[in-house]
Amino acid sequence: MEAKMSMRAATNTPAQMVSMASFNVRPKFNVFKPTPVWKSITFGAPLVIQAQKSEIKEVAAEVSEKDALKVKEWEVGMLQDEVAASQGIRIRRRPPTGPPLHYVGPFEFRIQNEGNTPRNILEEIVWHKDVEVAQMKEKMPLPSLKRALDNAPPVRDFLGALKAANARTGLPGLIAEVKKASPSRGVLRENFDPVEIAKAYEKGGAACLSVLTDQKYFQGGFENLEKIRNSGVQCPLLCKEFVIDAWQIYYARTKGADAILLVAAILPDLDIRYMTKICKLLGLTALVEVHDEKEMDRVLGIEGIELIGINNRNLETFEVDISNTRNLLQGERWQKIQEKGIIVVGESGLFTPSDIAYVQEAGVKAVLVGESIVKQSDPTKGITELFGKDISC
């Protein structure tokens, strides 16, 4: 979306802006017929006229307030988009829209019509997620969600489990993904039983599990996360969701999540800082995912990051190149990672023992794998084949 901005004198206060915006408001209300002149001399006429004026003012004020709220919402959205663009984030959080009717403010935007078509699959997912989360929040507001935390199962140490597996086997700790389908590959496993798959993963030596909770694009769901947690599986669980709102973190915790995925490609730095603090408040581990050098630099500049995932999949083309992991773990970046004690997870494109060895040599201490093992008739055996050896306890 291209936007041309022309500065207008930014001297108006917010109150003046709202007042100016209300000038063009044309409220809909029932207009009283003018009182005939001969009746104006009666005793009750002044009261009738005064009532009419009062009603007009009330309706106009109500419409102006609603219009001003739309203006503010749009301005906040535009500011968020500007901040995201300045940090190299190419995924738009919402479809491009023009300013509300009667908009008057310090900036005047003239928007080129780009259409409301997502530019790639991740953007499509994010736009859908924005609507989906808004609907879920209406059904369960945050205060109700926070009360539900009292009944959530205890948090398990996701990061600790990865470190322990790495120390035990000398190989990257495995986060095995419970995933039925993906937008790029379609259905990966027709005979899909999330609990059965989770137990097979645990038996095969997985340190942690990743559970897809997006329904539309991955045919997952929070019910899968909840079923696995209640099944007796001991592996800590990562809620793999497209998080755009802190509300989702609380919701994941009520369903038994021990960790949450935060994608740098869709979240500005301020959101990542805020959300990682919420995770720590709830005892959750935040896995912050990056795809390129700019995202890695951004995330390394944020205090408190403990776990970074490098996704080898190009978000625009969906092509996979595992050399991306090595490229992002060199020079000053690698020094910062070591200084901060950050654990790095290799993601996507890992199918063979040589793939695992390659990313391990690059510096990863954990790997997140889904497709290559979930498609196996026996996922337990699939893990052994992936690592070239039995890594079960």
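The values are calculated or read from the model by the stated rules, or taken from the named source; none is laboratory data. Keep in mind that this is a model prediction, so the values were computed, not measured. Here Cβ is always computed from backbone atoms with ideal geometry, including for glycine, and neighbour counts include all displayed protein chains.
Any idea how many residues of segment 347-383 are among the β-branched types (Val, Ile, Thr) and surrounded by fewer than 18 Cβ atoms within 10 Å (Cβ to Cβ)?
Taking segment 347-383 as the starting set, the residues that turn out to be among the β-branched types (Val, Ile, Thr) are 352, 356, 359, 364, 367, 369, 373-374, 380, 383.
From the residues that got through so far, the ones that are surrounded by fewer than 18 Cβ atoms within 10 Å (Cβ to Cβ) too are 352.
Residues meeting the conditions: 1.
Screening residue 342 against (1) over 23 Å from the mean Cα position of the chain (by Cα); (2) farther than 16 Å from residue 293 by Cα leaves a single unmet condition, (1).
Only residues that are aliphatic (A, V, I, L, M), outside any loop (DSSP other than H, G, I, E, B) and surrounded by 19 or more Cβ atoms within 10 Å (Cβ to Cβ): list them for segment 195-228, please.
Residues satisfying the conditions are 197, 198, 200, 209, 211, 212, 225, 228.
Determine whether residue 280 is of a type outside the set (Ser, Thr, Tyr) and within 26 Å of residue 166 (Cβ to Cβ). Spelling it out, residue 280 is indeed of a type outside the set (Ser, Thr, Tyr) and within 26 Å of residue 166 (Cβ to Cβ).
Helices (runs of 4 or more DSSP H) fully within segment 120-194 that include at least 3 residues being buried (at least 17 other Cβ atoms within 10 Å of the Cβ) and in contact with a Gly (Cβ under 6 Å, 6 or more places away or on another chain): 158-169.
Each residue in segment 279-312 was checked for being at positive phi and touching a residue at least 40 places away in the same chain (Cβ under 8 Å), and 1 of them qualify.
Close contacts from segment 367-393, counting a first residue that is closer than 17 Å to residue 345 by Cβ and a second that is among the aromatic types (Phe, Trp, Tyr), with Cβ to Cβ under 9 Å and a gap of 6+ residues or different chains, come to 369/351; 371/351; 372/351; 373/201; 383/201; 386/351.
In segment 321-343 there is at least one residue matching the filter, namely being crowded, with 18+ Cβ neighbours inside 10 Å, in contact (Cβ under 8 Å) with a residue 60 or more places away in the chain and in the same structural domain as residue 248 (by TED's automatic domain parsing). Against the conditions (1) farther than 21 Å from residue 173 by Cα; (2) within 16 Å of the chain's Cα centre (by Cα), residue 239 satisfies every one except (1). Residue 256 - would you say it is touching a Ser or Thr at 6+ places or on another chain (Cβ under 6 Å), farther than 17 Å from residue 376 by Cβ and assigned by TED's automatic domain parsing to the domain that holds residue 352? Criteria not met by residue 256. Among the residues of segment 298-317, are any over 28 Å from residue 156 (Cβ atoms), at pLDDT 95 or above and either assigned by TED's automatic domain parsing to the domain that holds residue 157 or aliphatic (A, V, I, L, M) (or both)? Looking for residues that are over 28 Å from residue 156 (Cβ atoms), at pLDDT 95 or above and either assigned by TED's automatic domain parsing to the domain that holds residue 157 or aliphatic (A, V, I, L, M) (or both), one finds at least one in segment 298-317, hence yes.
Pairs are defined by a Cβ separation below 8 Å, a sequence spacing of at least 6 or placement on different chains, a first member in segment 127-145 that is over 26 Å from residue 116 (Cβ atoms), and a second member that is hydroxyl-bearing (Ser, Thr, Tyr) and part of a helix (DSSP H, G or I); the pairs so defined are 140/251; 142/250; 145/250; 145/251; 145/254.
Within segment 345-355, being within 19 Å of residue 289 (Cβ to Cβ) and either without any contact (Cβ under 8 Å) to a residue 60 or more places away in the chain or in contact with a Leu (Cβ under 6 Å, 6 or more places away or on another chain) (or both) holds for 345, 347, 348, 349, 350, 355.
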